[in-house]
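Here is the structure we will look at, set down as structure tokens.
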Amino acid sequence: STMPKSIILLSWLTSSVFAIDNGLGLKPPMGWRSWNLYGANVNQDLIQGIMDGMVSKSRSVDGVPTSLCDLGYCDVGLDDNWQECGNYGADNFTYHDEDGSPVVNYDVFPDFKAMTDYAHSLGLTSGWYGNNCICDDHCGSGRIHSEKDEYTKCYEADVSALFDYGFDGIKLDNCGRQRDLQLWSDLINATGKAMMIENCHWGLTVPHREEDSDEIWCPWNFYRTSQDVRARYRSVIKNLETTVPFSTLGLSFPGCWAYPDMLEVGCLHGPGGDNDPGLSPEETRSHFGGWCIVSSPLTLSHDVNNQTTMDAIWDVIANPEAIAINQAYVGHSGGPFQKSGLLIPITSSNAQDDEDELGVEAFLSGAYQYFYKPLTLDSNGQASSMAVLLLNQDTNAQNLMFEFSNLPNIAPSSNDQGYKVRDVWAREDIGYFQTEFTTTSEIAG
């Protein structure tokens, strides 16, 4: 099986940190964006239909009619392909006019303001997207951070449109020339409206501690640690592991979360084509559990109105205990504590053949690895409860075992019976264990 066989113990506290001061993203953001399934095939009717699906109470949790938004997934974001790409003005901008204003394709998005108003009427927020036309736009210097970008007019006009259209946040891609995230942040904050800022620079622009200071530079609410994820297990594990250096350094925290990209649960044959074969049920749980235990933002991308898909993944994405693990934070965002020394190529159960998996993009990782995340602390600053994720990454069954003493900063057991262990996926207690816990995983995941 995949995720926590366990909720046990531990934790430590990071030093003082300073994120963007917009009051957002204090817990890992949750919502939906279009790219992982729909790619370029988006329009206003589709997005508004997704909004309807996010608030539908056609399914239940513990017998109570529950929507995705009830669970916390309350943002619906557009991910590219709203622009009318062309050549504009003397500088031949790709989707900005000569004044720097963004040029919208009104055939597919006739009224952004009506779309965001519709989201707000449903109790949702609405996200926009900046920087593309297939990486061709050059209205910007391309600098990551500068005193004065030579093309500030495009930043300024984009932020003005972001505000006027009524969006509540924006995903800022690394594809294009407007890459100064400090400038974006300053201009967005100057509007007076708090807006969620996603840094989608593929792990190339990341937080860092300022020289001779404890302050951390992080002018966004969450940031990509990786390249795009694909709907195959190899990609999922590869992206998950990109969060590890940031949790180790204390660089993933409220208002500045490390993010290995959107969720691929329920997505197959998306924009990646053959690279998106989809995930098995076990791989789906591993994927969601991995994102939960490292405090990643949880961004769905599947068709929320496809009832067959929703049937297959509802018990995973609507598991309130898994979501609570994701949303908890007591000083450490979650990371690995044990890994097999046997490196193997990570394969995907739905891939067409082994040769594809073992080709130039093959990814090696441990035959198993375990993650932990402290959930609560006792009066001594030790963890009084903790989530543990056990991943069998081999194609063969194996016993997964860890000793409680290997969990960092573990608090002593509070009773003679030992540590109480709970299965988060089954949502039931397993029992008490004194020194170690072992389970058998029959399948990878």
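The values are calculated or read from the model by the stated rules, or taken from the named source; none is laboratory data. All figures in this text were calculated on a predicted structure; none of them were measured in a lab. So basically every Cβ, Gly included, is an ideal-geometry build from the backbone, and we count neighbours across all protein chains shown. Side chains included, ligands, DNA and RNA excluded: accessible areas come from the protein's heavy atoms. Shrake-Rupley method; radii C 1.70, N 1.55, O 1.52, S 1.80 Å.
Numbers for the structure displayed
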{"quantity": "Cα-projected label distance for Phe163 with Asn399, points at 7 Å along beta-carbon direction, nm", "calculated": "6.4"}
{"quantity": "Those Cys residues of the chain for which no other cysteine Cβ falls under 4.7 Å", "calculated": "Cys200, Cys267, Cys292"}
{"quantity": "Order of exposure, largest accessible area first, which applies to Leu390, Leu343, Leu377 with probe 1.4 Å", "calculated": "Leu343, Leu377, Leu390"}
{"quantity": "Extended-chain gain in nm, criterion 0.36 nm per residue less alpha-carbon gap, Val61 and Glu210", "calculated": "49.1 nm"}
{"quantity": "Residues Gln182 and Ser121, FRET efficiency given R0 of 35 Å [Cβ-Cβ distance, rounded to 0.05]", "calculated": "0.55"}
{"quantity": "Inter-part distance where segment 58-123 and segment 366-445 are each reduced to a Cα centre, Å", "calculated": "41"}
{"quantity": "Dipole of segment 252-315 [Lys/Arg +1, Asp/Glu -1 at C-beta], most positive-end residue of Ser280, His269, Gly255", "calculated": "Gly255"}
{"quantity": "Rounded to 10°, Cα long-axis angle of helix 307-317 versus longest principal axis of the chain", "calculated": "60"}
{"quantity": "Rounded accessible area of Ser160 (nearest 10 Å², 1.4 Å probe)", "calculated": "60"}
{"quantity": "Helical contribution to [θ] at 222 nm, DSSP H n ≥ 4, -39,500 (n - 2.57), averaged over the chain, rounded to 500", "calculated": "-6500 deg cm²/dmol"}
{"quantity": "Whole-number percent relative contact order across the chain, with pairs defined as alpha carbons under 8 Å at least 6 apart", "calculated": "22"}
{"quantity": "Charge dipole (debye, nearest 20) of the chain; +1 at Cβ of Lys and Arg, -1 at Cβ of Asp and Glu", "calculated": "1240"}
{"quantity": "Length gained when the stretch Phe337-Thr376 is fully extended (0.36 nm per residue, less Cα-Cα span)", "calculated": "12.3 nm"}
{"quantity": "Accessible surface, the chain, averaged per residue in Å² (probe 1.4 Å)", "calculated": "39"}
{"quantity": "Violating pairs (Cα-Cα greater than 28 angstrom) within the set Lys57/Lys238; Lys113/Lys238; Lys27/Lys193; Lys153/Lys193; Lys57/Lys373; Lys339/Lys420", "calculated": "Lys57/Lys238; Lys113/Lys238; Lys57/Lys373"}
{"quantity": "Computed FRET value (nearest 0.05) for Glu436 with Leu26, which takes r as the C-beta separation and R₀ as 45 Å", "calculated": "0.80"}
